[in-house]
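Q: Got a structure for you, written out below as structure tokens; questions coming shortly.
The values are calculated or read from the model by the stated rules, or taken from the named source; none is laboratory data. Just so you know, these numbers come straight off a predicted model, no measurement behind them. Cβ placement follows ideal geometry from the backbone for every residue including glycine, while neighbour counts extend to all protein chains displayed.
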Number of protein chains: 2
Amino acid sequence: MPKVILEPDGEVIKVSPGETLMEAMINAGKAVEAPCGGLGTCGKCKVRVIHGEAVPDEVELRLLSSDDLSAGMRLACRLRPKQNMSVHYEDTLSLATHKLFAGDSRIDLAFRPSVSKVAVVIGPPSLEKQWSATERLRYALAGHAEVKPLRIDVLRCLNGLLDQRSPQEITVVLRGDSVITVERGNSVDANYAVAVDIGTTTIASYLLDVYRQRLIDTASSSNPQATYGADLISRIEYASDDLKLQALKDMLLNTVNGLISELARRHNIETTNIYEVALVGNTCMSHIFWGLDVRALATAPYTAVTSDEVCADAVSAGIGSINPAADVFTLPNVAGFVGADTVGVILATGIEEADELKLIVDIGTNGEMVLGNRERMIACSAAAGPAFEGAHISRGMRAVPGAIDGVRIENERVVCSVIGETEAVGFCGSGLIDAVALFRRCGLIDESGYIISGEEALERSRAVKGIRLAEEDGASSILFGDSADGRVKITQRDIREVQLAKAAIRAGAILLLKYFGCEEKDISLLLLAGAFGNYINKSSALEIGLLPAIDAKRIISAGNAAGVGAVKALASLDDRYRARRLAQKVEYIELSLNADFQREFVASMLF
Amino acid sequence: MPKVILEPDGEVIKVSPGETLMEAMINAGKAVEAPCGGLGTCGKCKVRVIHGEAVPDEVELRLLSSDDLSAGMRLACRLRPKQNMSVHYEDTLSLATHKLFAGDSRIDLAFRPSVSKVAVVIGPPSLEKQWSATERLRYALAGHAEVKPLRIDVLRCLNGLLDQRSPQEITVVLRGDSVITVERGNSVDANYAVAVDIGTTTIASYLLDVYRQRLIDTASSSNPQATYGADLISRIEYASDDLKLQALKDMLLNTVNGLISELARRHNIETTNIYEVALVGNTCMSHIFWGLDVRALATAPYTAVTSDEVCADAVSAGIGSINPAADVFTLPNVAGFVGADTVGVILATGIEEADELKLIVDIGTNGEMVLGNRERMIACSAAAGPAFEGAHISRGMRAVPGAIDGVRIENERVVCSVIGETEAVGFCGSGLIDAVALFRRCGLIDESGYIISGEEALERSRAVKGIRLAEEDGASSILFGDSADGRVKITQRDIREVQLAKAAIRAGAILLLKYFGCEEKDISLLLLAGAFGNYINKSSALEIGLLPAIDAKRIISAGNAAGVGAVKALASLDDRYRARRLAQKVEYIELSLNADFQREFVASMLF
């Protein structure tokens, strides 16, 4: 079994035959950044080969730059070590340096956790000092904390731990000045917390080692509620009665509990040593997580049960995979459709501390946007519809194997990149945007979005190999590939859906700028939040007018920023309190009956 | 069916044929003071007949003074109205006047309850004011309270109560600045609390109307744990493993829940409108109530798990008969054998505010004593043993029908009063004390407790009719009654048990005085706490040297003082906080290895 030395730490891991380096690293408990989950599409899991044979394969040749290749870079998900080797691997998730990767900026992560552990030796009582177990504990803790009256569950296990005859070492788990539990022996080095980003599509979890001040690992899973609709509105409609709301909630809880157990299993951690869980998600997801009624979110005036941070003990929250005395909390919301995930993004990207103007855009069924700086922050939610999630598009699909996620021209021929390198089945959001941008660039659709027809159309389509115009039942469409089966195509109607979606987002951004008294050019940084933001081709998005017209260099992916926000709130009470203030500070503009928005929306339909 | 008008309120109640006035009053929800439970022994349920025929029976002739009788006083438990009548009845339990009967002193009861209710009208949201349900609630409450973040269970029921379209009146239940629950409509007048005194023998409960600031009713039941031993030590021995501890706890919880349900049923109160329960009991009972390990209480150095006030929500406490968001708390303890019941007695009798010196004596298996005034309070617990509870006495029994509870001489003949006026079976504590005092007075036992023998003995016993000396298996005893069956007797061994018990209590009192730097004559008031204290014949207790040698007039029964303490802590946070300070302030002296105590104990054995 070949061994791989991971530099700079010098740790040695074993690789089973046929296993990729990424798989071996994950099994060994190392954090590997791989937003695509090891599919070989994101190109993020770079390692530098120091010693040993490693010829890049075609995927690596495509995803790595020539500089990377000549420096010996390889992708951990493609590298299958056959003999001993050593690689340099940058642990981007390590918090040892108090840095956490989010988008392309590195964020300071301060540690002031709410849960701390103190080991103390408790002496036995005597007839001279007939102190109760509580008094002896309080005495032993005197140098550390002035504790509140003990909770009944702590009292119940306290006497079982203490001995009437000899001194005993126990570990006291404190949240502020409250003892939440006591443990036998010295367990101060076992103090963990988990952050969870409940996305509509994907649920991502982050395991934090509070004692060593490190993010250890991440695990993610698809949101099982997708069975009841890809978009939020379908799920809210499904959750129309208490039983069904409970069913959706149980699905979420099962997945969250499963992810936490998986993280603990991987690192051989006792789940009872997990003392805190922080969650972010849109308002609908947060509400379902807590079992709160979501119906008022779907109809005007779109109100939540609460916008506050919600906190409960693990048992009340239904998180059975951690210590029962742990706290589980969701970050606060700004409004019905500007949720805790957006607050997490603000927290992670620190726009409220910026001098320059920043715009956060999170594209989903709703395009949530926040514009601001240290002076002021304004948010809105534009109803983009689910086009970019593949819904309402004739050949639309999610970003799964078979989906075209990118379209470009090489040697006058349309080349599609397909997830999983299988045969193309349809388009996911980023592919759709690329395709529409390409159509516009090649003059196949006009400014108003019409697929052109007649002689000129034929001529232009002939100039680009790999696509052709077609007419079916009086409706135009553009077919992809050399086959004539028309399985992969984009119809006139699809283009209209893209126009509606991109106009909503652009108009929302324009409204925010207007209320702020600024123009698009004043935006110094545009952060694309959410999974979609990681994959979107910025040039294409600018070309179709989805995003404000600024230099592409000033547009970056904020990556897992919502999750990073949850990690920050978990790592430090200061950040948790900051999230509360932020949610209060952000101004919200309701667009649904806003005449200005309607005007901008119509104007933004044009390409 | 005869009607009875209860003056001064003028309320009319109906009495079924054969029913006593007390039974009819209790059925009508009136509070009747009857420590004996209607057995016709305590003489407390006095009413004054204004109009109607009412000839006193023999029990009333015995228990009521000639002044009472000539004033028309009768006992509600003996009066069976056969025709319409009117009586004047003093509602001693009424708190309308903020007074509560405890012993022979009237105590001021201040009201500053922890739970309050506020009715508010919550407006619907609009697109202009897209306030969450929480924000609308907080706005409506603005004039009343700045509330903490809402608990998840409150959030879960909040949206179900509120309407998206029209204003809704709801009632918010507040504990300090925490919303504990919300209710439909206006229910501010339904705010109840229950105090419980968990005695080793009897569990007494008190229903408090927090809105009207009145004590409404009381209900009591025997402690079902008695199956596992009349005394505490037997129960601690039984609770040697967790399952058995749980069994004892469940018995307590069943009884407490049953009493609360019974009080609510009587007064047609929704149990969800009971928002607080305060309990007192000795340390063992408090610990069993909370499911805390009691084993350390039974062996040196006799320590508790905690001496603090313990507080938990109703669900954690296992009190399912009230609102699940209610708080349940036990008053703090002073030490292992000076429990929350003693703290309740201190609270009720206010010795910590007294200028003069007061001594509280609670006689049970242990004689808990507190001596003090506003300057200082000292407590101890003397191991009296269960003799006064009828245990270890050849014909000993509890104060139940058939027990001799009093012995006196009338016309040179020994007369025994028997509970339930049935044939005498044995002696309860008060009867035993009376008998031993009588033996001493008649010279049948000498100073050291020996039953005299020889000619003189025969002569003296002949002078008192109704008892005679006997010799069985070489041991002397004194038989009661004219029959020769010797069923009711007191043996030499029994007298030794009484000596051990009385010596422990007297020596404890002497020790307290010594540590305080005082003498017996400095005691201005001696309060006999607990049920036993209600029945004991003070002269007899003084005669046998059980109590410090002070004027009998300065000895009073503190009655239900422990329960009154719990009621006070429930009625006012000031009293609850006072209890916490009191428990800290009282100094505790451990007697078990105290040489001074041993010396005083031996000296106190003599009569």
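Q: Filter region B:581-607 for residues that are closer than 16 Å to B:G344 by Cβ and touching a helix residue (DSSP H, G or I) at 6+ places or on another chain (Cβ under 9 Å) and give the result. Give the steps one after another, and end with the answer.
A: At the first step, the residues of region B:581-607 found to be closer than 16 Å to B:G344 by Cβ are B:581-586.
B:R581, B:L582, B:A583, B:K585, B:V586, listed by residue number.
Q: Tell me, yes or no, whether region A:342-359 has at least one residue that is free of Cβ contacts under 8 Å to residues at least 60 places away in the same chain, touching a helix residue (DSSP H, G or I) at 6+ places or on another chain (Cβ under 8 Å) and either of a type in the set (V, I, T) or more than 7 Å from chain B (Cβ to nearest Cβ) (or both).
A: no
Q: Still on this structure, I have one more. Within region A:143-197, count every residue that is surrounded by fewer than 21 Cβ atoms within 10 Å (Cβ to Cβ) and part of a helix (DSSP H, G or I).
A: 6
Q: Same structure again: Give me the residue from region B:263-321 that is more than 7 Å from chain A (Cβ to nearest Cβ) and of a type in the set (D, E, K, R) and, out of that set, nearest to the chain's Cα centre (by Cα).
A: So the residue we want is B:E276.
Q: Does B:R175 qualify as being under 30 Å from B:S572 (Cβ atoms) and touching a Phe, Trp or Tyr at 6+ places or on another chain (Cβ under 8 Å)?
A: Taking the combined requirement at face value, the residue satisfies it.
Q: Follow-up. Identify, please: which residue in region A:2-27 is without any contact (Cβ under 8 Å) to a residue 40 or more places away in the chain and among the β-branched types (V, I, T) and is, among those, surrounded by the most Cβ atoms within 10 Å (Cβ to Cβ)?
A: A:I13
Q: What do you reckon, is A:E456 assigned to a strand (DSSP E or B), surrounded by fewer than 16 Cβ atoms within 10 Å (Cβ to Cβ) and free of Cβ contacts under 8 Å to residues at least 40 places away in the same chain?
A: In short, no.
Q: So is A:L243 of a type outside the set (V, I, T), out of contact with any Cys (no Cβ under 7 Å at 6 or more places or on another chain) and surrounded by 18 or more Cβ atoms within 10 Å (Cβ to Cβ) or not?
A: No, not satisfied.
Q: Tally the residues that are touching a strand residue (DSSP E or B) at 6+ places or on another chain (Cβ under 9 Å) and among the basic types (K, R), restricting the search to region A:239-283.
A: 1
Q: Keeping to region A:359-394, report how many residues are at pLDDT 85 or above and surrounded by fewer than 22 Cβ atoms within 10 Å (Cβ to Cβ).
A: Residues that pass the stated criteria total 6.
Q: Take residues that are surrounded by fewer than 24 Cβ atoms within 10 Å (Cβ to Cβ) and not assigned by TED's automatic domain parsing to the domain that holds B:I478 and tell me which of the helices (runs of 4 or more DSSP H) falling wholly in region B:489-595 contain 3 or more.
A: B:492-516, B:530-535, B:538-543, B:573-585
Q: Something else: Within the group A:T303, A:T299, which residue is without any contact (Cβ under 8 Å) to a residue 12 or more places away in the chain and assigned by TED's automatic domain parsing to the domain that holds A:I233?
A: A:T299
Q: Any residue that is without any contact (Cβ under 8 Å) to a residue 60 or more places away in the chain, surrounded by fewer than 16 Cβ atoms within 10 Å (Cβ to Cβ) and assigned to a loop (DSSP other than H, G, I, E, B) - is there at least one of those in region A:226-233?
A: Checking region A:226-233: not a single residue is without any contact (Cβ under 8 Å) to a residue 60 or more places away in the chain, surrounded by fewer than 16 Cβ atoms within 10 Å (Cβ to Cβ) and assigned to a loop (DSSP other than H, G, I, E, B).
Q: For residues that are part of a strand (DSSP E or B) and under 13 Å from B:P167 (Cβ atoms), scanning just region B:118-131, find the one that is farthest from the other protein chains (Cβ to nearest Cβ). Outline the logic, then answer.
A: First, the residues of region B:118-131 that are part of a strand (DSSP E or B): B:118-122.
Next cut, under 13 Å from B:P167 (Cβ atoms) only: B:119-122.
On the way: B:A119: 21, B:V120: 17, B:V121: 17, B:I122: 12 Å.
Checked region B:118-131; the qualifying residue farthest from the other protein chains (Cβ to nearest Cβ) is B:A119.
Q: Additional query: Do we have A:K568 as farther than 19 Å from A:G281 by Cα and among the basic types (K, R) here?
A: no
Q: Take A:T218 and decide whether it is surrounded by fewer than 21 Cβ atoms within 10 Å (Cβ to Cβ), touching a strand residue (DSSP E or B) at 6+ places or on another chain (Cβ under 9 Å) and either of a type in the set (S, T, N, Q) or over 24 Å from A:V567 (Cα atoms) (or both).
A: So A:T218 does not fit the description; no.
Q: Determine the pairs where a residue that is closer than 23 Å to B:L127 by Cα and more than 7 Å from chain A (Cβ to nearest Cβ), located within region B:146-168, has a partner that is among the basic types (K, R) and outside any loop (DSSP other than H, G, I, E, B) with Cβ atoms under 6 Å apart, the partner being 6 or more residues away or on another chain.
A: B:L161/B:R184
Q: Looking only at residues in region A:132-142 that are assigned to a helix (DSSP H, G or I) and more than 10 Å from chain B (Cβ to nearest Cβ), which one is nearest to the chain's Cα centre (by Cα)?
A: A:A140
Q: Right, something else. Which of (1) in contact (Cβ under 8 Å) with a residue 60 or more places away in the chain; (2) surrounded by 15 or more Cβ atoms within 10 Å (Cβ to Cβ); (3) among the hydrophobic types (A, V, I, L, M, F, W, C); (4) not in a helix (DSSP H, G or I) does A:L606 not meet, given it meets every other one?
A: With (1) in contact (Cβ under 8 Å) with a residue 60 or more places away in the chain; (2) surrounded by 15 or more Cβ atoms within 10 Å (Cβ to Cβ); (3) among the hydrophobic types (A, V, I, L, M, F, W, C); (4) not in a helix (DSSP H, G or I) applied to A:L606, the lone miss is (2).
Q: Check off (1) in contact with a Ser or Thr (Cβ under 6 Å, 6 or more places away or on another chain); (2) among the β-branched types (V, I, T); (3) within 11 Å of chain A (Cβ to nearest Cβ) for B:V328 and give me the number that stays unchecked.
A: (1)
Q: Keeping to region B:339-376, report how many residues are within 19 Å of B:L582 (Cβ to Cβ) and either assigned to a strand (DSSP E or B) or under 21 Å from the mean Cα position of the chain (by Cα) (or both).
A: Final tally of qualifying residues: 25.
Q: Those residues that are of a type outside the set (A, V, I, L, M, F, W, C), assigned to a loop (DSSP other than H, G, I, E, B) and out of contact with any Ser or Thr (no Cβ under 8 Å at 6 or more places or on another chain), I need them from region A:377-431; list them, please.
A: Hits for region A:377-431 are A:G390, A:H392, A:R395, A:N411, A:E412, A:T422, A:E423.
Q: (1) part of a strand (DSSP E or B); (2) without any contact (Cβ under 8 Å) to a residue 12 or more places away in the chain: which one isn't true of B:S476, the others all being true?
A: (2)
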